[in-house]
Every structure is written in C-alpha cells, then in structure tokens.
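Structure below; questions to follow.
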Amino acid sequence: MIDPVRAALILIDMQEGFIDTASPLCIAGAAATVPACARALKAARDRGIAVCHVRREYAADGSDVEAVRYRTWAEGGRPLSTAWPQSLACPTELEPEDGEAVIFKPSFSAFFGTDLHERLRARGIDTVVLAGTTTPNCVRSTAYDGMALGYNVVVLTDATSSRTDAVQEANLEDMAYVGAQLLTSDGLADQGLANVRDVEAEAAEDAPARRRTAAAALGEPLHATPTLASIETVSTGWINKYHLHYTLPDGSPYVYEGVSRKKPEAYGHALTALGERKAPVPDAVCMVPLMFDGSVLLIREFRYPLNSWCISLPAGLIDPGENLREAVARELAEETGLRLRTDVDEPLRPLPQPGFSSTGLAEENVQVVFAQVEQAGPATPEPGELIEPFTLAPSEIRPFLDANTTPIGTRCQLILEMLAEK
C-alpha cells in the first residue's frame, strides 16, 4: 500500500490543443477522457495526493517545436502557442487549484528538461500516478523515465488516451509488462492507492544496500524518529513560547523550547501535520520582484529586533483567507507600490515548496515567489514600517554584495548570489 503523501498525480497535456478537433495535434480519444481525468483529480485532492499539471507551450515562431511535427504545427494554426491562445487552455473541470504545481515541459516526457523530479523528491514522493494524453508519447515516455528514476508508476487506463483504441490497448499492455501498474479513475476514487504495490520498497527489502541508497535519495531518515508527546504553553502574545515534550527513540524524555506566531491549537495542528509529512501551508510570502529591464527590487528596512536597517526582499505574512497571489499583490502594493505585470501570461513563479525560516526555533515557513512586476503607484506601508525600495541591475549585484556592510536577510543574500551567477 502506498501512503498518499508519498504520491503525486501527474496530469499531462490536457489542453485544447490536444483535445479540440480543430487542432492538427488533436488526439482522437482525448476529449472522451476529460470526465475520467476530472474524477482522478478530485480523488487525488480528496485523498491528499499531490497534483502536478504538466503542459506544453510552444514559442509562436516555432523555434522549439519538435522537428517531426513542425510542418503539421505550422500549417495547422500554430496550436499550443500564443498564436492560438485558446489552444493553451485546459477544460474548466481540470483547472489547477491554488498550491498545485503547473510545469511546462519542452518535449514529450514530463521529466525531460523540467524540475519535476526535484519537486517530487523534495516532498518525499516516490509514486507517480499518470493521467492525460497521449498514451504512446507523453504518458509512456513519462512512465519509462519515472521507472528509470526509481518511482513506482501507476497509469490510469481510462484517464489516458491515444489516437485509436488499438494503440491505447497495445501501449497499456507494454507498460504493464515492463512494470507500470494499471488503475482506473474509479479505482483511485474508491480505493485510493491501497492496491498499488510499492515495487521500490519490495526491491529494497531484498537488498539492504539499495534500501540505504533509496532512503538517502529521498531525504528520508535512516534512524527512528522522536515522538512528540505533548506541547506545554509557556507564554502567549504576538509571539508564543512553548515547551515541546518528546520521547526519544531510546525511550528517554526530552524537552525542547520553541516559539510560534500560532496559538496553541493551531500550533499543535501544524506540528502534527509536519510530523505526518503533509505539505506545509505557507505562513508568509517573500517576493523576488523583477522589473522590465531585468533588475531586481530590494528594500532597505529598519528592523526593530536588530536595532538596525537591513537589506531584504519584500515579504509579509499571508492574511487569513488570502491565497498566494492575493498576498503577493497586497504586500507588493504596501511595501513598494508595485503590481504584477499585466502584459505577461503568468507573472508569478513560486518555488516548488515553502522553506522554513528558523528550524531551530520556530515552525514558520515562507513561500518564495519570483514576480514580474511594474510600477503602479506610491507605496502604502503600515505605521512603524520604515521601508526604502531600490533596484539593482544584474551587473550591479556582484559589486553590491562585495561592498555591502548593512545587515542582510539570508534569503535575500542567497537569491542575489544566484542572480549574480547568471
């Protein structure tokens, strides 16, 4: 049996360019699988299985279209590019929800030329459930790459499609023969992954060295995990202090001090979810604002706990009821007067998962996003916020880092180092 938190549904290429009969790239069986894909999507969400939407988007000039399909693409209206915008869309019932990854791939396999493998490994995922189109090309190449990378691979037979029934059946048979496991969308909804074999774990049972290697690759600990016995509230306020009572693997007690912005009940829920390896819900957002000319916007802010000005990136807590985009828009407007650009299809690119700010002290996590921005108006910081935005051109980043003596935030420092190397 596969734990849902270790699995991801990969929905491949369910876009109008492959579904609409007006497109020269239309797959004959794709439209009929939309209901099954929607069932699989709902089942994954209901069962806590991660979801990744994998898509194609070609350059309108055809510079990145595979040579084998270029002529068909060029003479057929240039689908899956901005020359035919509707072809890029997916059916309404297959739209991503907030927090679900959307990955654009340059070729057939969802793993080729993307960061899908890194995203999955970062979340401890070792099982992929494949749905979408087309079975002999994108689904099959993803399945084989997945098995080569050490994933348990499941293919949903009724939520994948081919140009003919015979091609569909032959490809499913071939994948099953190699080691992919076949399931239906109804089976996923009714039974989850209860009947899916953990092939990688079975192999590891027979080979201890393989088990150690697999655990290291997944970032899984080789030692037993301490057990959180109880949480003692020491003091409450804007910052709350707690004593965390653990039982160590050898049975002895251990007390650790922690702090959190969360009140006791919410803090307990957060620690329980993290202990169960559930995906964290972002507490805060940190923006990397990129201007039209490629420069990055930073802020110089007086930070009271430091009694000093500090160089950092615009950031802030996500308010109750806000989604990530709303929090980004609000914080950008308040701290910098910027807004997300309206002339690009997707101005926001979050990193694959939130990062934790101070793991030795608190459970607070921050979602970093790269944002394409433009000036909208004056900044409107809250009283007591002393913020001075400024920009650095790419050529100015390295000299700035070498000369700066003002305290600087760790995230800001690392991201500037990354940008300086480009």
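The values are calculated or read from the model by the stated rules, or taken from the named source; none is laboratory data. Here the structure is a predicted model, which is why all the values come from computation and not from measurement. Using ideal geometry, Cβ is built from the backbone for each residue, glycine included, and neighbour counts are taken over all protein chains shown. To get the accessible areas, we keep the full protein, side chains included, count just its heavy atoms, and leave off ligands, DNA and RNA. Shrake-Rupley method; radii C 1.70, N 1.55, O 1.52, S 1.80 Å.
In the range 372-400, which residue that is assigned to a strand (DSSP E or B) and acidic (Asp, Glu) is modelled with the highest pLDDT?
Residue satisfying both the conditions and the ranking: GLU388.
Which residues, counting only those in the range 362-391, are over 15 Å from LEU340 (Cβ atoms) and among the charged types (D, E, K, R)?
GLU363, GLU364, GLU382, GLU385, GLU388, listed by residue number.
Limited to the range 342-392, what total is found for residues that are among the acidic types (Asp, Glu), touching a residue at least 60 places away in the same chain (Cβ under 8 Å), surrounded by fewer than 16 Cβ atoms within 10 Å (Cβ to Cβ) and more than 23 Å from GLU57 (Cα to Cα)?
Of the residues in the range 342-392, 3 are among the acidic types (Asp, Glu), touching a residue at least 60 places away in the same chain (Cβ under 8 Å), surrounded by fewer than 16 Cβ atoms within 10 Å (Cβ to Cβ) and more than 23 Å from GLU57 (Cα to Cα).
Is it true that PRO96 is open to solvent by 30 Å² or more (accessible area, probe 1.4 Å), assigned to a loop (DSSP other than H, G, I, E, B), in contact with a strand residue (DSSP E or B) (Cβ under 7 Å, 6 or more places away or on another chain) and in contact (Cβ under 8 Å) with a residue 24 or more places away in the chain?
It is true that PRO96 is open to solvent by 30 Å² or more (accessible area, probe 1.4 Å), assigned to a loop (DSSP other than H, G, I, E, B), in contact with a strand residue (DSSP E or B) (Cβ under 7 Å, 6 or more places away or on another chain) and in contact (Cβ under 8 Å) with a residue 24 or more places away in the chain.
Would you tally the residues in the range 129-152 being within 25 Å of GLU118 (Cβ to Cβ), out of contact with any strand residue (DSSP E or B) (no Cβ under 6 Å at 6 or more places or on another chain), open to solvent by less than 50 Å² (accessible area, probe 1.4 Å) and not polar (S, T, N, Q)?
Residues meeting the conditions: 1.
Go through the range 72-88 residue by residue and tally those that are open to solvent by 60 Å² or more (accessible area, probe 1.4 Å), farther than 9 Å from ALA60 by Cα and either touching a Leu at 6+ places or on another chain (Cβ under 9 Å) or among the aromatic types (Phe, Trp, Tyr) (or both).
Residues that pass the stated criteria total 1.
Would you check which residues across the range 151-169 are farther than 20 Å from VAL51 by Cβ and either outside any helix (DSSP H, G or I) or touching a residue at least 12 places away in the same chain (Cβ under 8 Å) (or both) and list them?
Result: SER162, ARG163, THR164, ASP165, VAL167, GLN168.
Still on this structure: Quickly run through the range 175-205 and pick out the residues that are open to solvent by 70 Å² or more (accessible area, probe 1.4 Å) and among the acidic types (Asp, Glu).
Selection gives ASP186, ASP190, GLU202, GLU205.
What number of residues within the range 325-356 satisfy the criterion of being under 23 Å from LEU88 (Cα atoms) and of a type outside the set (Val, Ile, Thr)?
12
I'm trying to understand the selection: among the residues of the range 222-237, which are within 16 Å of ALA266 (Cβ to Cβ), out of contact with any strand residue (DSSP E or B) (no Cβ under 9 Å at 6 or more places or on another chain) and not small (Gly, Ala, Ser)?
Correct list: THR236 only.
Okay, moving on. Does at least one position in the range 113-128 carry a residue that is open to solvent by less than 20 Å² (accessible area, probe 1.4 Å), closer than 12 Å to LEU11 by Cα, not acidic (Asp, Glu) and not in a helix (DSSP H, G or I)?
yes
What number of residues within the range 292-328 are within 24 Å of PRO394 (Cα to Cα) and not β-branched (Val, Ile, Thr)?
Matching residues across the range 292-328 total 14.
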